[in-house]
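Chemist: Starting off with a structure, shown below.
The values are calculated or read from the model by the stated rules, or taken from the named source; none is laboratory data. None of these values were measured; they are calculated from a predicted model. Here Cβ is always computed from backbone atoms with ideal geometry, including for glycine, and neighbour counts include all displayed protein chains. When the accessible area is computed, the model is the full protein with side chains, heavy atoms only, and any ligands, DNA or RNA have been set aside. Shrake-Rupley method; radii C 1.70, N 1.55, O 1.52, S 1.80 Å.
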Amino acid sequence: MSVRVIAAMSGGVDSAVAAARAVEQGHEVVGVHLALSSNPQKYRSGARGCCTIEDSHDARRAADVIGIPFYIWDMAEEFHDGVVENFLSEYAAGRTPNPCLRCNEKIKFAAVLERARALGFDAVVTGHYAQMRETDLGRTMHRAEDPLKDQSYVLAVLNKEQLDGALFPLGDTHKEEVRKEAKRRGLYVANKPDSHDICFVPSGNNASWLHDRLGTQAGPIVDESGNKLGEHQGAYTYTIGQRRGLNLTIPADGGVPRYVLKIEPVSNTVVVGSKESLAVSSITGENSIWCGPKPVEELPLRGFAQIRAHGQPLPCTYIVSADHISVELDDPLLGLATGQGLVIYDEDRVVGSATVSATA
Amino acid sequence: MSSYFDHAATTPMSQVAIDALNSQILKLGNASSLHTQGRSVRKDVEEARETLARVAGCSPSEIIFTGSGTESNNLAVKGFYWKRNREDSERNIIVISAFEHHAVLDPVEWLEEHEGAHIIQAPVTSDGVIDLEALAQIIEINRNRIALIAVMHSNNEVGTIQPIHEVVELAGDIPVHTDAVQSFGKVTFNFQELGVTSATLSAHKIGGPLGIAVLILQRGIDVTPILHGGGQERDIRSGTLNAPSIVSFAAAADDADRHRAERGERIRELRSYLIDSLRSVIPDIRVNGAVEPSLPGIANLTFPGTESDGLLLLLDAEGIASSTGSACSAGVPRPSHVLLAMGISERDARSSLRFSLGATNTRAEIDHLASVISSVVERARAALARK
């Protein structure tokens, strides 16, 4: 079925090939580059970040080659309010947010999709690696063919209505094939490096970017009994499970390495302790979102939990309640920060997601 | 069907200009060479210069060929500033209208940032005309410190013609530059009668080729050059003369001049027809800068409750070309500084589109626009409402 779609084109190889494939599938495609910064950098530095003027030029050239109209949409305000501000306030609250999840949830498949729908388009096509399939459960989202590129984790924040307006033409292909295809299609971006890190932190130095915005907030580093071991310049620069850079002056008994166990924003305290204390078996997630049918409530279900974009799927039993998900892992995991995305899989199908609110 | 309403951006080349370009481009010779071929090309260039001088109301020696309207404006603005500031270092003020084209605004801002210039923007009225009383005050207070005054002959976004003659009278012996890119060939423009010190003309706005323009600069007045080299064009603009484009420009100017009255009248009628047709479907559109005298073909319209980039996308999909005004370097549409200077709110500025008509437009193209505008505006309104 032919539909009218907006191809979100970052200037990278994936979104360019995705747009080209959408055209080939017979859709009427319009390319759009999202301007996410009101003050973009001129050039891309290495593999870091995106959204520079050079990226918008690359996106335009890809659209030319594919032969589709191309426009730039200003989403800087939405991005700042929905993603950057959220990133800062989450860190300030002692959590470790994932801004790519927020961007998919609030920008690409919210602001952009809604605008596209209002303008008379049916869907947004992106270069994400994930697969939409028609199954007995309806239209459901699954992991990509290429396990190294699978991005179903960062898309698990999309609800059914959003996913109904999403096309991911690259889900069945390995990245290497996508690069070859880009070359075959004459797309100049075929060899452009993948982007890494957080796009709005162009230096790649998260801690110093946060420090510039949140300032110095000195506070104590304590052990599990509350004994002060040292001082930090801002609890937000630490993450659960971190071992390096603690600069503790008082050595631990027997010299065992110490890890960040907890960040307490109200008292501005960082708690450290042994590796064993990092172990997490129970995870509670709130603000749950279902990518397909909502699982039956209050019934223990078997599945897999994933808590990082490229983390392992962890076998678990989970129970869905009205407003949260409780997960019991078969084997404990070491170090999990609140604020991270918890994604539940049924084999390769994405069931849904929640934000980690408590661990034990 | 394709309907083109962006003639103020660029307009199709006239047949005489295409013919002139095609024949001249086959001709060998550098106009600066001393041999037969060089002299022959030089003769063609000088004849073209005379034609342009006749149409623009200046003397041939006052015409300096450049590569673009932007270059001409940079040459005038920077050239006058450097020259006059060197003569008297107290002279560091540049007075411009608040809605100059970026080709004037940006070099002036550059001079402020890098060369110690001070900008004073003369306000414009809500109708889109420079406020002469305010300008008179600015000049009176700062007279000895003003390096130059730049006011466009007509505004490229709303089409209003500016009282340049009055500006020149207020200026006295201060040089006045006018960007006449949108006026030349479309409305009365006579350099000597206006009394300005310099003026910018561009070929591709009147059916000539891209990449050729003119700075008319009064005889006996030299500005500091930007390009140094072979000393062409009174030593003010070095660089091999682009003979094919120059000859083609002259052919286009002559053609535009011959048909100016009759084309102007027809385009003005089409403009009224466009506004009436759209208003009958979208009654709440507003016309910005609807005051005479004006360029015949510009209709700047506010469609309340929409965003102009959404309108442009949807019209483009129907084969209709329009313009949202300027974009930043990343291509993001910005609310027009012209409309903001006229006191229009940022919200309304972001809801405005420019339709600019030219010699090739037809009623059928306007009927095409009118037939789709209702559904386009409805969708653009829905897109804004979702915010």
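Chemist: Work out, step by step, the length gained on full extension between A:THR216 and A:GLU328: first 0.36 nm times the residue separation, then minus their alpha carbon distance; give nm to one decimal.
Modeler: Fully extending the segment from A:THR216 to A:GLU328 adds 36.6 nm.
Chemist: Quick one: pull the percentage of alpha-carbon pairs in segment A:216-273 with a separation above 17 Å.
Modeler: Percentage above 17 Å: 25.
Chemist: Follow-up. Would you check the accessible area of B:MET13, probe 1.4 Å, heavy atoms only, in square angstrom rounded to 10?
Modeler: Accessible surface of B:MET13 is approximately 60 Å².
Chemist: Where a Cα-Cα gap under 19 Å defines reach, which lysines qualify for B:LYS205, not counting those fewer than 8 residues away within the same chain?
Modeler: Within the straight-line cut-off, B:LYS205 pairs with B:LYS186.
Chemist: For A:LYS275, give me every one of the aspartates and glutamates with a C-alpha distance below 14 angstrom, ignoring sequence neighbours fewer than eight places off in its own chain.
Modeler: A:ASP223, A:GLU224, A:ASP253
Chemist: When only C-alpha pairs under 8 Å and at least 6 residues apart count, what is the relative contact order of chain A, in percent?
Modeler: It rounds to 16 percent for chain A.
Chemist: Would you mind getting the Kirkwood hydrodynamic radius of the protein assembly as shown from its Cα pairs, rounded to one decimal in Å?
Modeler: 29.8
Chemist: Note the angle between two axes, namely the Cα long axis of helix A:13-24 and the longest principal axis of the Cα atoms of chain A, as a number of degrees from 0 to 90, rounded to the nearest 10.
Modeler: Approximately 40 degrees, to the nearest 10.
Chemist: Could you please state, rounded to a whole Å, how far the C-alpha centre of segment A:317-360 is from the C-alpha centre of segment B:165-231?
Modeler: 70
Chemist: Right, here's the next one. Between B:SER126 and B:SER32, what FRET efficiency comes out of the Förster formula 1/(1 + (r/R0)^6) with R0 = 51 Å and r the beta carbon distance, rounded to 0.05?
Modeler: Calculated transfer efficiency: 0.50.
Chemist: Continuing with this model, one more query. What translational diffusion coefficient, in µm²/s and rounded to a whole number, does the Stokes-Einstein relation yield for chain A at 37 °C and a viscosity of 0.692 mPa s, taking the hydrodynamic radius as the Kirkwood radius over Cα pairs?
Modeler: 151
Chemist: In this model, which of A:LYS160/A:LYS294; A:LYS149/A:LYS192; A:LYS108/A:LYS183 are farther than 18 Å apart at the alpha-carbon?
Modeler: A:LYS108/A:LYS183
Chemist: Further, regarding this structure: What is segment B:337-380 by shape, rounded, prolate or oblate, if you read a ≥ b ≥ c off the alpha carbon gyration tensor as root eigenvalues and call it rounded for a/c under 1.5, prolate for a/b larger than b/c, and oblate otherwise?
Modeler: It comes out oblate by the Cα gyration axes.
Chemist: Please give the per residue volume of the convex hull enclosing the alpha carbon atoms of segment A:278-359, rounded to a whole number of Å³.
Modeler: 79
Chemist: While we're here: Run the reach check for B:LYS43 against lysines, Cα to Cα strictly under 19 Å, same-chain hits fewer than 8 apart removed. What comes back?
Modeler: Partners within reach: B:LYS27.
Chemist: Work out the FRET efficiency for A:HIS174 and A:ASP194 from their Cβ-Cβ distance, taking R0 = 22 Å, and round it to the nearest 0.05.
Modeler: 0.95
Chemist: Per DSSP helix of 4 or more residues, -39500 (n - 2.57); summed, then divided by the residues of the protein assembly as shown. What does that give at 222 nm, rounded to the nearest 500?
Modeler: One gets -10000 deg cm²/dmol as the mean residue ellipticity at 222 nm.
Chemist: Still on this model: Any idea what the dipole of the protein assembly as shown comes to, in debye rounded to 20, about its Cα centre with Lys/Arg Cβ at +1 and Asp/Glu Cβ at -1?
Modeler: With Lys and Arg at +1 and Asp and Glu at -1, about 1200 debye.
Chemist: Moving to a separate point now. Could you give the nm distance between label points at A:ASN206 and B:VAL287, where each point is 7 Å from its Cα heading toward the beta carbon?
Modeler: So the label points at A:ASN206 and B:VAL287 sit 5.9 nm apart.
Chemist: I've got another one for you. Quick check: at a probe of 1.4 Å, how many percent of the accessible area of chain A sits on carbon and sulfur atoms?
Modeler: Carbon and sulfur: 49 percent of the exposed surface of chain A.
Chemist: Tell me whether segment B:155-280 comes out rounded, prolate or oblate; compute the Cα gyration tensor, take square roots of the eigenvalues as a ≥ b ≥ c, and use a/c under 1.5 as the rounded threshold.
Modeler: Note, shape of segment B:155-280 comes out oblate.
Chemist: Tell me whether chain B comes out rounded, prolate or oblate; compute the Cα gyration tensor, take square roots of the eigenvalues as a ≥ b ≥ c, and use a/c under 1.5 as the rounded threshold.
Modeler: The shape class here is oblate.
Chemist: A follow-up question, please. I need the calculated FRET efficiency for the pair B:ASP173 and B:GLU46, taking r as the beta carbon distance and R₀ as 30 Å, to the nearest 0.05.
Modeler: After rounding to 0.05, the efficiency reads 0.45.
Chemist: Ok, one more. Could you work out how much longer the chain between B:HIS118 and B:HIS228 gets when fully extended? Use 0.36 nm per residue separation minus the Cα distance between them, nm to one decimal.
Modeler: Stretched fully, the B:HIS118-B:HIS228 segment lengthens by 36.9 nm.
Chemist: Which angle between 0 and 90 degrees, to the nearest 10, do you get for helix A:175-184 versus the longest principal axis of chain A when only C-alpha atoms count?
Modeler: In chain A, helix A:175-184 runs at an angle near 30 degrees to the longest axis.
Chemist: Please determine, in degrees from 0 to 90 and to the nearest 10, the orientation of helix A:53-66 with respect to the longest principal axis defined by the Cα atoms of chain A, where the helix direction is its Cα long axis.
Modeler: The answer is roughly 40 degrees.
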